[in-house]
Structure formats: structure tokens, C-alpha cells
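The block underneath contains the structure these notes are about, expressed in C-alpha cells.
Every number in this text was worked out from the coordinates using simple rules, so none of it is lab data. Just so it is clear, the structure is predicted and the values come from calculations on it, not from any experiment. Using ideal geometry, Cβ is built from the backbone for each residue, glycine included, and neighbour counts are taken over all protein chains shown.
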Amino acid sequence: MSRRLARRLVVAAVLASAGFLTGCWGARELDKTALVLALGIDAARQGPGFRVTAVIARPELLVGGGGGLMGGGGGGGAAGGAAQLVWSAEGATLQEARARLNESLPRHVTLEKTRVVVVGEEAARRSLPQVVDFLTRSFRLPETDRVLVARGTAEAILRSPPLENRTIDEELMDLVIRGVRLRAMTWDGDVITVTRGLSDAAQAALTGAVEPLPGGTGVRLAGSALLARGRLAGWLGPEETRGLAFVRSRVLRRSFSLPCPGGAGSVGVDTRSGRGRVIPRLDGGTPSVDLRVDVTAILSDRGCPTDLESPEGVRRLAAALATAVRREVQAAVRGAQAADADVLGFAGAFHRRYTREWDRGLGSAWPTVFPRLPVRVDVRARITGTGIMSGPPVVR
Amino acid sequence: LAPHGIDAGQVFALLLLMRTVPVLAWLPVLAEGSAGRDAWLAALLATAAAVPFGLLMLAAVRRLGPRTAVEGALEALGPWLGRAAVLPLLAYLPLQAAVVLRINVEGWVATSYPVTPRPVFVLSMAFLAALGARQGLETLGRVAQVLLPASVVAILVAALMVKDPEPSELLPVLERGLAPVLRASVEPLSLFGWFVVLLQFGREMAPGQGRKSGTALVAATAAAGVMLALTAATAVSVFGPVWAARLRFPTLALLNANPVPGLLVIVYAVWVGGTFLGVAVFLYAAAVGWQGWLGLTSYRWAVWPLAAASAVAALVPFATASDLMRFVFYAWPPAALAVQLGSACLALLAAWILGRRAGR
């Protein structure tokens with residue numbers, strides 16, 4: 001073969017290869033794509049299988065324009081003039097249900113922009129392993145997606161009109177973020193934390209719970225959902241969730257209203273930090289846990305004339321705070337033990353400290369050990385500031 | 001840059017980038033599959049074992065001078081025995097190119113291009129890598145130098161900027177003793193043994209780069225080991241040991257959980273570039289070897305057939321990703337290690353024989 005021919009062949013091959021570089025197989029233009037913002041997963045209405053609900057963005061309304069993106073249809077329709085379209089489909093598997101969404105929509109459904117996954121109560125009870133597998137098996141669904149469990153159906157949540165935002169996924173994100181940051185009344189779980197928890201020593205995870213407002217006028221937080229050993233095991237109310245936040249060192253800033261120590265009225269304190277420590281014990285083969293919570297707070301307002309600035313007053317205030325926190329922590333422990341869902345991190349603590357005993361039977365017996373595990377709660381509170389004023393309120 | 005041939009900096013870039021891609025794409029899963037939460041220990045153990053292994057390889061390269069291992073063996077052992085002795089190395093190099101090619105193609109298909117037929121990727125990359133190998137080692141070294149900073153940044157960002165890591169997942173250390181950790185270190189060690197390609201670099205090494213190349217080899221091995229340990233530890237702390245061990249591409253899953261926008265684009269650039277380099281370097285080393293074995297006037301004649309053979313070997317034996325992973329996990333590491341170690345010993349033997357003859 002002459003050098004000239006060889007060169008020509010190489011050039012021809014390079015030019016031919018350009019044909020492969022025009023895009024990947026199955027590529028779709030953006031205007032042929034339905035971007036799913038939130039995904040709902042429910043048990044099928046009849047028989048086994050799943051019902052998938054997708055909240056699809058209507059970009060022309062998100063940016064303030066007009067005109068319809070898609071017509072309504074058998075499976076769904078626009079919710080309350082919001083910049084979204086809600087569509088549902090059923091299938092024997094989640095993938096089949098998702099494929100049926102594609103069949104009924106003129107655009108290809110893509111999950112890459114999904115931000116929230118809502119799992120219905122029945123699906124969480126019956127088919128959680130399959131749901132988690134669907135969420136983690138595909139690289140296309142972001143693992144940072146928030147996971148919420150609906151009291152009732154996920155479809156009812158996603159079809160509720162957003163009150164403060166233009167799409168329901170934003171509404172849910174705002175609710176969770178505010179609920180966690182300001183009042184620690186729900187749990188911010190995502191695909192990673194839920195899957196990690198369910199596959200870990202404790203096989204339990206916690207995530208946020210939501211429910212529709214009466215009359216379907218919106219959505220609200222409903223505490224947290226306890227997931228354990230591949231099923232929905234129960235719920236924690238806001239107080240129990242707050243207690244758990246102390247155990248798991250997730251408390252940043254939140255307000256407590258306390259009865260005024262040694263007098264009538266109430267005082268308000270804001271926590272500044274909270275750190276929980278699980279100390280596992282194995283005395284004579286009997287496991288127990290010492291739960292130590294350290295919390296710091298500042299005095300924010302006072303509605304009583306009692307002296308709260310003197311060292312004695314500060315101590316009494318700290319004791320009142322410790323009592324309130326202890327009550328919440330004990331409620332969290334009771335709630336988790338009642339549901340047999342070790343979301344407190346006890347299993348991991350035993351596994352790390354008593355590895356040999358864990359492998360020799362404690363681990364396999366954990367589901368029966370945890371619900372009856374003696375837990376001693378020790379809360380130590382410190383008041384680190386009383387504001388820029390001293391003494392009782394100046395106005396009497 | 002040295003006036004003729006590649007310098008130590010390019011050796012460092014080539015050796016590091018060749019290993020960065022497996023770390024990025026698939027390697028941590030193998031360590032985590034056996035060692036669970038101790039995968040990072042397996043990575044460090046493999047690194048520690050790889051350094052003397054690499055220095056043994058480098059000692060052979062220095063003693064052979066401008067010859068390749070194949071040329072040295074033919075000269076020292078004679079045409080028949082020499083040809084027979086180097087056959088395992090000559091078979092290993094294109095097969096390693098095939099394994100690198102197929103694993104990375106599986107990664108592309110699994111993560112981003114599910115409907116693109118695998119032959120498209122395999123044939124395109126084999127073609128490009130063959131072009132690169134024909135350009136010579138200096139060209140590949142320069143490409144490696146360009147890609148290196150992006151690859152290091154991408155891996156560090158992927159490993160360090162993750163959401164909600166749980167460091168307690170790394171405890172207890174040595175939960176099931178040392179045996180699983182030792183088992184898990186075999187695959188990384190066979191990966192570090194990729195510096196067997198150095199045996200074929202002889203004629204391309206710039207004069208006076210010998211000592212610096214030793215430093216480059218140790219530094220590249222240490223850096224690759226640290227990156228592997230870091231990504232393995234991060235994957236375990238984010239996903240937990242059970243889930244991390246089931247992930248086929250843990251580092252890419254970390255990227256999926258990374259809040260930094262656009263990181264995946266950089267990673268893909270590094271990934272594709274690194275795959276190209278890995279395949280091209282193995283093809284180059286194999287072609288140079290077959291040139292000596294067949295007595296060709298130029299190694300370039302051997303590149304196209306070897307690229308075709310690698311593409312076929314990448315496509316035909318493995319029907320599914322599971323077949324590939326079983327092969328890579330169980331069969332390939334011990335075989336690869338045996339060839340790498342055997343080739344280094346053979347090259348040292350050849351150098352010793354040639355040295356004695358020269359002295360006489």
C-alpha cells in the first residue's frame with residue numbers, strides 16, 4: 001500500500017468517524033423532553049404493581065409566558081394554573097409505569113431534573129425495597145433527591161396546589177427546609193441517607209412525612225416516617241422528631257418555650273447547639289445505652305419577674321431546658337422502640353464498640369433487642385447568654 | 001521536556017493518568033466488594049506493595065538501556081527461547097488494552113449512553129488509540145501532561161465535596177480481620193503493575209532520565225494509591241459499606257451526589273482522555289514488542305492489527321457487564337500480576353546475561 005493511499009484511508013476513516021460524533025444514540029432535544037420535577041410512587045389502585053405520578057415542568061409558565069405546553073389527558077392535567085403538569089400511570093413495575101407515562105405524553109419523560117420523590121404510605125409499607133432499588137439503580141435519577149413519605153397517597157400530595165411557589169416540588173422543598181432549620185419538626189432525608197440507613201447495621205432510616213391539607217388545598221409537614229427492614233414501620237410526630245434531632249446532633253437553632261423557673265409565666269430560649277452521644281454498654285452480656293445530650297442556648301424573652309441572670313437563675317433555667325429536651329429525647333426513643341426502627345444510631349454504636357459480640361449474635365438478635373433496650377437519657381444544658389438586657393421586663 | 005524521548009515528568013503523567021481512570025471509573029468497587037469498609041486500607045496496602053515491585057521493574061529498564069524487554073530477551077536468550085519467553089508479555093499487553101477499553105465502555109453505557117451500542121465506543125476508541133500509539137510515546141506523554149491537572153482536580157472534588165458523609169461508616173477497622181483486606185489489595189496491585197509498560201519504553205526514554213524516572217514511578221504510584229484510598233473511603237462514608245460494595249461505579253455515583261455543577265463534564269473529559277491514553281500506551285508497548293518479535297522495520301505496522309485484536313477481545317468474550325466484572329474481579333488480577341512480575345524478572349535476567357557477555 002502506497003503512503004499516499006494510506007493517508008487517504010486515514011482521512012476517510014476520520015471523516016467517517018465524524019458521523020458517530022453528531023450525538024449519542026437516543027439523544028432528544030430539550031423541546032421534546034418532559035422534565036420531571038417531582039416523582040410520586042404509590043401502590044397500584046388495584047392489584048399488585050405501582051402507580052407513578054410525575055410533576056412535569058411547564059417552562060413557558062415558569063418564565064412568565066403563556067400558551068400551553070401539553071393538553072390535558074386521561075392521566076392528568078395542569079394543577080391550579082401552576083407552572084406544572086401532573087400525570088399518572090400504572091404498571092406492574094416502576095419502570096413499566098414510567099414507560100406508560102411516556103406512552104401517554106407527547107414528550108419523553110426524563111428524571112434527571114427531579115428534586116423530590118414522594119412515596120405513598122401503601123407503597124412504603126408493601127414495596128419499599130423495590131422502590132429504593134428503582135431510585136438507586138439508574139444513574140439518571142439524582143441521589144441527592146429528597147425523599148418524603150406521604151400519609152395517604154403520593155398522588156394526592158403532588159396534585160395539591162402549591163400555595164407559595166409555582167411548582168409543588170419547590171413547595172415541598174421549602175416546607176422541608178424550613179421545617180428542619182427553624183423547628184426541627186421533620187427530617188431531611190434524601191435517596192442517599194435513606195438507602196444508607198436501610199442497608200446499614202440498623203437497617204433503619206428516617207425521612208420527612210407530608211400530608212395533604214383538608215380539602216386538598218395544599219400540603220403540610222406531618223413529622224417523620226420511620227423506615228425499617230424494608231418497610232414503613234411507623235411515624236414520629238414533631239416532638240419526637242425534635243428529640244431525635246438532639247440525639248443525632250442535627251439541632252442547629254430552634255426556640256423552646258419553658259415554664260418560668262420558680263414563678264408564673266414563661267420564658268423563651270433559643271438553642272445554639274445540640275450534640276448527642278450514644279454510649280453503648282454491655283454489662284454481663286446485657287446491652288443498654290447511655291444517651292448523653294449536650295445543649296447550649298440563650299435567653300430570648302422572658303415573661304416573668306423571676307431572677308434569671310444570677311448564677312442560680314441561669315442554673316434553674318438550664319435545668320428547665322434540660323427537662324424539656326429530655327422529654328423530647330425520651331419521646332423519640334419511645335417512638336423508635338415502639339416501631340422497632342433503630343434510627344437513633346444504637347446498632348452502629350454497638351457494632352463499632354462490641355464488634356465481636358455483634359458478629360456472634362447481637363447483630364442478628366438486634367430486632368428483638370432494640371425494642372426492649374434500656375436507655376438512660378442524660379441531658380446537660382447550658383445557658384450561654386441572656387441578651388443585651390438584664391433584669392425582668394422593663395414594662396410591668 | 002527532554003530533547004529526545006520522554007522525560008520523567010511525562011512518565012509520571014502517563015503512569016498516574018493511566019491509573020486515575022480506573023480509580024475514577026471502576027476500581028474502588030473491587031476493593032469494596034471484598035474488604036467492605038476497609039477498602040481504603042486495601043488501597044494503601046497495594047500501594048506499599050507496588051513500590052518495590054515498580055523499583056524492580058525500573059532496575060530492569062535501567063540495566064537494559066535503550067533496548068526493550070523483548071529485544072533484550074531475544075538478544076540474551078536467543079531467537080527461539082527468547083521468543084517463547086516473551087510471549088506471555090506480548091499476549092498480556094493487548095489483552096490489558098482490551099480490558100481497559102471494555103470496562104470504560106461499560107461505564108459510559110451504564111452512566112450516560114444506555115442506548116449507544118457498545119461496538120461504537122469500542123471501535124471508535126480502538127481506532128483513536130491506534131492513531132495515538134502510531135504517533136509515538138512523546139505525543140501520548142504530552143497529552144497526559146495536559147490532562148493531568150484536570151483529572152486530579154476532578155477526583156479531589158468528587159471525593160471531598162460530597163453531601164452528608166458519615167465517617168463512622170469506616171469503623172470498626174479490620175472488622176473481619178486482615179484476610180479480606182489482603183484479598184482486596186490484589187486487584188489494585190495488578191493495576192499498579194501496569195508500569196510493566198516501562199519495560200517497552202527503553203528506546204523512548206530521554207538520556208539522563210533514569211534516576212528521575214524512578215522518582216516519577218514512586219510518586220505516580222503513591223499519588224494513585226492515595227486517590228484510590230480517598231475515593232474508596234469517601235464512597236464507604238457516603239453510601240455505607242453494603243451499598244458501596246454493590247455499586248459498579250462508586251466514584252461516578254459520588255459525582256452524581258456532588259453539588260458542584262458541571263463537574264461531570266470535566267470528569268467525562270478526563271475519563272475519555274484517560275481511557276484513550278491507557279489503551280494507546282498498551283497498544284504502543286505491545287506493538288514495540290511485536291516489532292522485535294517479528295523483526296518488523298517499524299512498530300507502526302503492528303499497531304492496527306493489535307488494535308483490531310484488542311477491540312475484538314473487548315467485545316466478544318463478555319456478553320454482559322456481569323461477565324466482565326467476574327472476569328476482572330476473579331480471573332484477571334492474578335494472571336496479570338504473574339505476567340507483570342514474570343516479565344520484570346525476565347528482563348532482569350536478560351540484562352544480567354547481556355551484562356556478563358559485555359564484561360567478558
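Pairing the Cα long axis of helix B:210-246 with the longest principal axis of chain B, what angle in degrees results, from 0 to 90 and rounded to the nearest 10?
30 degrees
On C-alpha positions alone, give me the angle between the axis of helix A:238-247 and the longest principal axis of chain A, in degrees, nearest 10.
Tilt relative to chain A: about 80 degrees.
I need the P(r) histogram for the protein assembly as shown: all alpha carbon pairs, bin width 10 Å from 0 out to the longest distance, whole percents.
3, 12, 19, 20, 17, 13, 9, 5, 2, 1, 0, 0
If you count, for each residue, the other Cβ atoms within 10 Å and average over each peptide, how do A:274-287, A:122-135 line up from highest to lowest?
A:122-135, A:274-287
Take chain B, connect every pair of alpha-carbon atoms lying under 10 Å apart with a spring to form a Gaussian network, then pick out the residue of B:L189, B:L55, B:L14 with the largest mean-square fluctuation.
B:L55
Pick from A:P212, A:P59, A:P162: which is most flexible by mean-square fluctuation in a GNM of chain A where alpha carbon atoms under 10 Å apart are linked?
Result for chain A, Cα springs under 10 Å: A:P59 fluctuates most.
Of B:A336, B:P88, B:P241, which is farthest along the charge dipole of chain B in the positive direction, counting Lys and Arg as +1 and Asp and Glu as -1 at C-beta?
B:P88
Roughly how tilted is helix A:168-183, in degrees to the nearest 10 and between 0 and 90, from the longest Cα axis of chain A?
20 degrees
Using only atoms on other chains, find how many Cβ atoms lie within 10 Å of each Cβ of peptide B:235-247 and report the average.
Mean partner-chain Cβ count within 10 Å for B:235-247: 4.
Identify, among B:A133, B:L148, B:P167, the residue whose Cα sits farthest towards the positive end of the charge dipole of segment B:121-176, taking +1 on the Cβ of Lys and Arg and -1 on the Cβ of Asp and Glu, with the dipole about the Cα centre.
Positive-most Cα among the choices belongs to B:A133.
What size of dipole, in debye to the nearest 20, comes out for chain A about its Cα centre when the only charges are +1 on Lys and Arg C-beta atoms and -1 on Asp and Glu C-beta atoms?
1040 debye
Dipole magnitude of segment B:15-150 about its Cα centre, charges +1 at Lys/Arg Cβ and -1 at Asp/Glu Cβ only, in debye to the nearest 20?
200 debye
Could you work out the mean count of beta carbons from other protein chains within 10 Å of each residue's beta carbon in A:135-146?
Average neighbour count from other chains, rounded to a whole number: 4.
Equivalent-ellipsoid semi-axes (√(5λ), Cα gyration tensor) for segment A:145-270, whole Å, largest first?
Over the Cα atoms of segment A:145-270, the semi-axes work out to 26, 21, 12 Å.
Calculate, in nm to one decimal, what A:S273 and A:A365 gain on full extension: separation in residues at 0.36 nm each, minus their alpha carbon distance.
Stretched fully, the A:S273-A:A365 segment lengthens by 29.6 nm.
Which one of A:A319, A:A156, A:A204 has the biggest mean-square fluctuation once chain A is modelled by GNM with Cα springs under 10 Å?
The residue that fluctuates most here is A:A319.
May I ask for the Kirkwood hydrodynamic radius of segment B:225-272, worked out over all distinct Cα pairs and given in angstroms to one decimal?
11.3 Å
In what order do A:E164, A:E90 fall by count of nearby beta-carbon atoms within 10 Å, going from fewest to most?
Result, fewest neighbours first: A:E164, A:E90.
Two decimals is fine: what's Rg over Rh for chain B, C-alpha atoms, Kirkwood radius as Rh?
When Rh is taken as the Kirkwood radius, the ratio is 0.97.
What's the center-to-center distance, using Cα atoms, between segment A:367-389 and segment A:110-144 in Å?
Computed from Cα coordinates, the inter-centre distance equals 34 Å.
Under the rule of at least 5 residues apart or a separate chain, name every residue whose amide H is placed under 5 Å from the amide H of A:A233.
Correct list: A:L226, A:L227, A:A228.
Sort segment B:66-160 into rounded, prolate or oblate with this rule: let a ≥ b ≥ c be the square roots of the eigenvalues of the Cα gyration tensor; rounded if a/c is under 1.5, and if a/c is not under 1.5, prolate when a/b is larger than b/c, oblate otherwise.
Prolate.
Under a point spin-label approximation (7 Å from Cα along Cα-to-Cβ), what is the B:R63-B:V115 distance to one decimal in nm?
My value for the distance between the label points is 5.8 nm.
Relative to the Cα centre, what is the charge dipole magnitude of the protein assembly as shown, using +1 at the beta carbon of each Lys and Arg, -1 at the beta carbon of each Asp and Glu, and rounding to the nearest 20 debye?
1500 debye
Rounded to the nearest 500, what is the 222 nm mean residue ellipticity of chain B from helices alone, with -39500 (n - 2.57) per DSSP H run of 4+ residues and division by all residues?
-26000 deg cm²/dmol
Neighbour counts of other C-beta atoms within 10 Å: give me B:V146, B:V99, B:V51 arranged from fewest to most.
B:V146, B:V51, B:V99
What is segment A:81-231 by shape, rounded, prolate or oblate, if you read a ≥ b ≥ c off the alpha carbon gyration tensor as root eigenvalues and call it rounded for a/c under 1.5, prolate for a/b larger than b/c, and oblate otherwise?
Oblate shape, in that a/c is at least 1.5 and b/c is the bigger or equal ratio.
Arrange the following residues from fewest to most other Cβ atoms within 10 Å of their Cβ: A:L321, A:L221, B:L174.
Ascending Cβ contact count within 10 Å gives the list B:L174, A:L221, A:L321.
When Cβ neighbours within 10 Å are restricted to other protein chains, what is their mean count per residue of peptide A:104-113?
Mean number of neighbouring Cβ atoms from other chains: 0.
Can you give the FRET efficiency to the nearest 0.05 for A:T286 and A:R231, using r as the Cβ-Cβ distance and R₀ = 41 Å?
In this case the efficiency is close to 0.90.
Semi-axes of the equivalent ellipsoid of segment A:319-368: what are they in whole Å, largest first, if each equals the square root of 5 times a C-alpha gyration tensor eigenvalue?
In descending order, the three semi-axes are 27, 13, 6 Å.
Within the P(r) computed for chain A, what percentage of the Cα pairs occupies the region above 32 Å?
48 percent
For A:A222, what residues show an amide H to amide H distance below 5 Å, using hydrogens built from the backbone and excluding near sequence neighbours?
A:A209, A:V210, A:E211
Report the one residue of A:A331, A:P287, A:T386 whose Cα lies farthest in the direction of the positive end of the charge dipole of segment A:248-396 (charges on C-beta: Lys and Arg +1, Asp and Glu -1; origin at the Cα centre).
Going by the charge dipole, the pick is A:P287.
Using the reciprocal of the averaged 1/r over all distinct C-alpha pairs, how large is the Kirkwood radius of segment B:222-345 in Å?
17.7 Å is the Kirkwood radius here.
Round to the nearest 0.05 the FRET efficiency obtained for B:L178 and B:A219 when R0 = 45 Å and r is the Cβ-Cβ distance.
E(calc), rounded to 0.05, equals 0.95.
To one decimal place, what Kirkwood hydrodynamic radius in Å is obtained for segment B:317-360 from all pairs of distinct Cα atoms?
Every distinct Cα pair counted, the radius reaches 12.8 Å.
Show me, bin by bin at 10 Å from 0, the whole-percent P(r) of segment A:220-292 based on Cα pairs.
15, 29, 35, 16, 4
At 7 Å along the Cα-to-beta-carbon direction for both A:R183 and A:T93, put a label point, then send me their distance in nm to one decimal.
Going from the A:R183 label point to the A:T93 one covers 4.2 nm.
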